[in-house]
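For reference, the structure is listed below as structure tokens.
The values are calculated or read from the model by the stated rules, or taken from the named source; none is laboratory data. As the structure is a computational prediction, the values presented were derived from the model and not from experiment. So basically every Cβ, Gly included, is an ideal-geometry build from the backbone, and we count neighbours across all protein chains shown.
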Amino acid sequence: MPKVAKELSALAVRRLSKPGLHAVGGVAGLLLRISDTGAKYWVLRATIGGKRRDVGLGPYPEIGLAEAREQAAEMRHQARNGTDPIAERNEKREALRAANAKALTFDQAADRYLKGKASEFRNAKHAKQWRATLDTYASPVLGKMAVDRVELAHVLQVLEPIWHTKTETASRVRGRVEKVLDYATVSGFREGENPARWRGNLDAILPAPAKLKKVQHHRAVPWQDMPAFMEALRKRQALAARALEFLVLTAARSGEVRGATWDEIDLQAKTWTVPAERMKASREHVVPLPDDAVALLEALPRFEGTPYVFPATKGGQLSDMALSALMRRMEVDATPHGFRSTFRDWVSETTAYPHEVAEMALAHTIPSAVERAYRRGDLLAKRSRLMTEWAAFLRDGAPAGGVVPLKGKTAEGQA
């Protein structure tokens, strides 16, 4: 057993400066090692498992005299009881190192999830929007938290401030938080239930979004006024006017029209094939082109250096404000998207076409899974006839298929 040295005071220890080992007393074998450079650190010299060992306890003065004596006394106690204090300390260090390696913050998990799913987003803009909602609403609460610490209370802290006022956004945030936490669970960074799950979890606390969401209708031109509107539109020479005319003739969305490229157009087959990545439902959509739309396209100039049918002045994609600005100049109190509602009302009130034909013409998703399974086709022939009748009505106000139109109802609705 080591000789018990004289017990030094903290002041005496601080004054030690000669390189070498200095016994400080208080605990047998506790030494302060001073290197040639003046660095000081604690050492416990003890017999462990039948062998004399020097155990480092840490630097001085980061570890003071009292703490060094406490550590040394604990290690001697462990050694007397048959425990290897060095092995135990190493195990604790490895456990801590493993825990730190396993720790992943919510923001880091979101980055990894997005990187892995990048190819599934419709485009770079969609991925950017996806992350922006998390940065704005989730990250201030969850961003720096380890994913295994995220609980229901934290998710509610994110959602409750916006659930009633920004319901659609809040619902998207919830779904995205759920996906990030699912990724963290599958990747081994957290365990247990997902606190952002809706069914059987948040639905017991928050009101259903459908009960809160107020439908925002896009202002639309009444279908009865469309022939006069188209006559005025066709008198305008700007390329934005042709884009808006094409939008009305095809009942397409503004983004689909502004992003249309010549390689999507088949003038001989009279079709426009919009690829899945540019469609809201992420499915390819074939649009039948009536003769009026074909004539419009054939009359358009083709600009070098741009693939777009309706390019902006500098060759890029036409701005999303170009069509709206045109309608304001025409003093029309409606939105470009509202023409989809106009078309839908015209179909309902003046034609006998089935509901699903109109819905497919608008590229709407059929809500029933059973109905989707039975309607695998795109009803292209029927939709072609429908769009031809729509173009005829827009051109000269001719009733569709000989059906006498109803009077008086305006076209304002959801499309």
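Hey, any hits in the stretch 368-387 for a residue that's over 34 Å from the mean Cα position of the chain (by Cα), crowded, with 20+ Cβ neighbours inside 10 Å, at pLDDT 90 or above and hydroxyl-bearing (Ser, Thr, Tyr)? Within the stretch 368-387 (the criterion being over 34 Å from the mean Cα position of the chain (by Cα), crowded, with 20+ Cβ neighbours inside 10 Å, at pLDDT 90 or above and hydroxyl-bearing (Ser, Thr, Tyr)), the answer is no, since none of the residues qualifies.
For the stretch 27-47, filtered to residues that are assigned to a loop (DSSP other than H, G, I, E, B) and polar (S, T, N, Q), the residue that is nearest to Arg76 (Cα to Cα) is Ser35. Applying the selection to the stretch 140-153, what residues are out of contact with any helix residue (DSSP H, G or I) (no Cβ under 6 Å at 6 or more places or on another chain) and in a helix (DSSP H, G or I)? Passing the criteria: Pro140, Asp148, Arg149, Leu152, Ala153.
So which residues in the stretch 114-128 are under 15 Å from Lys179 (Cα atoms) and in a helix (DSSP H, G or I)?
Filtering the stretch 114-128 down to residues under 15 Å from Lys179 (Cα atoms) leaves 114-118, 120-121, 127.
Once the filter is applied, which keeps residues that are under 15 Å from Lys179 (Cα atoms) and in a helix (DSSP H, G or I), the stretch 114-128 yields Leu114, Lys115, Gly116, Lys117, Ala118, Glu120, Ala127.
Here's the yes/no breakdown for (1) part of a helix (DSSP H, G or I); (2) touching a helix residue (DSSP H, G or I) at 6+ places or on another chain (Cβ under 6 Å); (3) farther than 30 Å from Met387 by Cβ; (4) not assigned by TED's automatic domain parsing to the domain that holds Ser139:
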| residue | (1), (2), (3), (4) |
| --- | --- |
| Leu159 | yes, yes, yes, no |
| Ile162 | yes, yes, yes, no |
| Glu178 | yes, no, yes, no |
| Gly200 | no, no, yes, no |
| Arg236 | no, no, no, yes |
| Leu244 | yes, yes, no, yes |
| Leu249 | yes, yes, no, yes |
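Can you pull out the residues in the stretch 3-26 that are part of a loop (DSSP other than H, G, I, E, B), in contact with a strand residue (DSSP E or B) (Cβ under 6 Å, 6 or more places away or on another chain) and assigned by TED's automatic domain parsing to the domain that holds Gly64? Across the stretch 3-26, the qualifying residues are Leu16, Pro19, Val24.
Kindly establish whether Ala322 is of a type in the set (A, V, I, L, M, F, W, C), assigned by TED's automatic domain parsing to the domain that holds Ala232 and not in a helix (DSSP H, G or I). When the stated conditions are applied, Ala322 does not pass them.
For the stretch 308-349, a residue qualifies if it is of a type in the set (S, T, N, Q) and surrounded by fewer than 21 Cβ atoms within 10 Å (Cβ to Cβ), and the qualifying residues are Thr313, Gln317, Ser319, Ser324, Thr335, Ser348.
Taking Trp272, is it on the phi < 0 side of the Ramachandran plot and assigned to a loop (DSSP other than H, G, I, E, B)?
Values: on the phi < 0 side of the Ramachandran plot: yes; assigned to a loop (DSSP other than H, G, I, E, B): no.
In short, no.
In the condition set (1) at pLDDT 75 or above; (2) more than 27 Å from Val180 (Cβ to Cβ), Phe106 is compliant with all but (2). Looking at Ala252, Ala240, just one residue is surrounded by 19 or more Cβ atoms within 10 Å (Cβ to Cβ), under 15 Å from Thr335 (Cα atoms) and in contact with a strand residue (DSSP E or B) (Cβ under 9 Å, 6 or more places away or on another chain), and that residue is Ala252.
Select from the stretch 160-205 the residues that are more than 19 Å from Ala146 (Cβ to Cβ), loosely packed, with under 13 Cβ neighbours inside 10 Å, free of Cβ contacts under 8 Å to residues at least 12 places away in the same chain and not small (Gly, Ala, Ser) and list them in ascending order. Of everything in the stretch 160-205, those that are more than 19 Å from Ala146 (Cβ to Cβ), loosely packed, with under 13 Cβ neighbours inside 10 Å, free of Cβ contacts under 8 Å to residues at least 12 places away in the same chain and not small (Gly, Ala, Ser) turn out to be Thr165, Arg199, Asp203.
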